[in-house]
1. Given (1) assigned to a helix (DSSP H, G or I); (2) out of contact with any Asp or Glu (no Cβ under 8 Å at 6 or more places or on another chain), where does V8 come up short, assuming only one miss?
2. Answer yes or no as to whether E97 is open to solvent by 30 Å² or more (accessible area, probe 1.4 Å) and more than 30 Å from R130 (Cα to Cα).
3. Looking at segment 381-407, which of its residues are more than 9 Å from the ligand (Cβ to nearest atom) and buried (at least 17 other Cβ atoms within 10 Å of the Cβ)?
4. Would you please list the contacts, defined by Cβ atoms under 8 Å and residues six or more apart or on different chains, that run from a residue in segment 248-268 that is over 13 Å from E381 (Cβ atoms) to a residue that is open to solvent by 80 Å² or more (accessible area, probe 1.4 Å) and in a loop (DSSP other than H, G, I, E, B)?
5. Report the residue count in segment 189-241 for those that are of a type in the set (A, V, I, L, M, F, W, C) and open to solvent by less than 60 Å² (accessible area, probe 1.4 Å).
6. State which residue pairs qualify: first residue closer than 17 Å to A21 by Cβ and inside segment 110-126, second residue assigned to a helix (DSSP H, G or I) in any location, beta carbons under 8 Å apart, and separation of 6 or more residues or different chains.
7. So which residues in segment 368-379 are open to solvent by less than 50 Å² (accessible area, probe 1.4 Å) and either more than 26 Å from D320 (Cβ to Cβ) or more than 8 Å from the ligand (Cβ to nearest atom) (or both)?
8. For segment 247-328, which fully contained strands (runs of 3 or more DSSP E) count at least 2 residues that are open to solvent by 30 Å² or more (accessible area, probe 1.4 Å) and among the charged types (D, E, K, R)?
Amino acid sequence: MAGDRILVVDDEESVAVTMQAILEMDGYDVMTALSGSEAGELIRGGGEFDLVLTDLRLEDADGLQIIQEVRKRSPDTISIILTGYASLDSAVNALREGAYDYLVKPCDVEELRATVSRALERRRLGQQLRQRLGELEQANETISALNADLQRRVDAATAELRGNLERLTELDRLKSQFMSIASHELKTPVTAMSGFLQIALRRMRKRLDAGGRPGDDWQGEQKAIAGQLEVVHRQTEKLARLIDELLDVSRIQSGRVEFHLQEMDVTALVAEVVERMQTANPAREIRLAKSTALPITADRDHLEQVLNNLIANAIKYSPDGGPVEVAVRKADGGAAVSVTDHGIGIPAEELEKIFGVFYRSPDRRARDVGGMGLGLYISKEIVDRHGGDLIVESTPGKGSTFTMKLPRRAITDHAQLTSPEPAAAAR
Ligand code: ADP
């Protein structure tokens, strides 16, 4: 191609100059060297040639050496050997050493032009091939990278599916657990209510049938009936509590819990709850450690629910009695309320689980007292949504302490608490 750089090396000046003239007419950029050393200087001097035409036998050098030197500097350079008949053998040898072709001197002009043009074409094809190979290699690398990425995505999707499957299995397990716990827990008060109502009704009928003769213990009869209705009333309350718990869980899981934050005094709230619990459980001692006012911003009703649950559990799970100790203190700028009992305690391996939905300890002493395993789940959810923490420390056989830690100001606001996305479990 016109503009290609050619070096002609021959110690016969007339040959070199003639070739230069012929090739320049074809538009090549041609330099000549009249000895091996001159050629060496040109090559080492940074001359980059596309093609070198060299006599095989120079006075001061071997043409092969020149070819080698050129290839060392630029491996793409193509070379043609010039030779007389006498050295054809060496020309063949030169081909073996990497020369592209040879011309026998004195050479025909057309043959020279054709050979040079073919050699340069060959060089270009070689370069193109190498370039394509490079491109192919790069494409290959890109494909490998894409493949690896694809594999990563497949792995991630598989892991997600596996996770979903595990969650579904867990949900299924919870559902069955819920069915058995809920039906048992709901059935118990209903059976009791029904029994007591029947007795009360029978008594009243009997009395009505008898028609109220003098001497009847009318008042005693009324008292007995009132006693039975009292029991029914208590069972109704228990049933309502259980239903409320179920509704709470459903609200939590569908993100429908509404929180109304207000500035309030935790100490006052705790005192109020303790007093009410003490009245409802006169046989148990509920101790409240003295504390000064502790203002925080929180949802009062929901905190009351947590306290009720913690104190009720402390009573429920210490069947042998012992005081329940409640304390309020300032902590990390907010408040910490702890409820301690001296009851059955909780084994270490269950400490994490008890906050799970529907979790009930397999321990017989825990099973004997009723419950659906929802109280702590609901409580933890409430405290968490205040930006607080509900933690437990416990020693089996000695007792437990549940501590509710609350920040000075609940970090959430109402808008964040009503999440529109229903949890899977609630569907
Ligand atoms: P419930 O009391 O209705 O079963 P909770 O969610 O309140 O549900 O408690 C879950 C479980 O944690 C209980 O079944 C019980 O095994 C254990 N637990 C909770 N509080 C205490 C406590 N103070 N002492 C010992 N175990 C407790």
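The values are calculated or read from the model by the stated rules, or taken from the named source; none is laboratory data. Nothing here was measured: the structure is a model prediction, and the numbers come from that model. Backbone-built Cβ (ideal geometry, glycine too); neighbour counts: all protein chains shown. Keep in mind that these areas ignore ligands, DNA and RNA; they rest on the heavy atoms of the full protein, side chains included. Shrake-Rupley method; radii C 1.70, N 1.55, O 1.52, S 1.80 Å.
1. Tallying (1) assigned to a helix (DSSP H, G or I); (2) out of contact with any Asp or Glu (no Cβ under 8 Å at 6 or more places or on another chain), V8 fails exactly one: (1).
2. Numbers: open to solvent by 30 Å² or more (accessible area, probe 1.4 Å): yes; more than 30 Å from R130 (Cα to Cα): no.
Considered against the rule, which asks whether it is open to solvent by 30 Å² or more (accessible area, probe 1.4 Å) and more than 30 Å from R130 (Cα to Cα), E97 comes out as no.
3. Listed by number, the residues that qualify are E381, I382, V383, R385, H386, G388, L390, T403, M404, K405, L406, P407.
4. As it stands, the answer is T267/T292, since those pairs meet every condition given.
5. From segment 189-241, those of a type in the set (A, V, I, L, M, F, W, C) are 190, 192-193, 196-197, 199-201, 204, 208, 210, 218, 224-226, 229, 231-232, 239-240; that's our starting set.
Applying the additional criterion that residues be open to solvent by less than 60 Å² (accessible area, probe 1.4 Å) yields 192-193, 200, 210, 224-226, 231-232, 239-240.
Residues in segment 189-241 being of a type in the set (A, V, I, L, M, F, W, C) and open to solvent by less than 60 Å² (accessible area, probe 1.4 Å): 11 in total.
6. Qualifying pairs under 8 Å: L112/M19; L112/I22; L112/L23; R113/I22; R113/L23; V116/L23.
7. The initial filter retains those residues of segment 368-379 that are open to solvent by less than 50 Å² (accessible area, probe 1.4 Å), namely 369-379.
Scanning segment 368-379 gives Y377, I378.
8. On the way: elements: 262-265, 286-288, 295-298.
Answer list for segment 247-328: 262-265.
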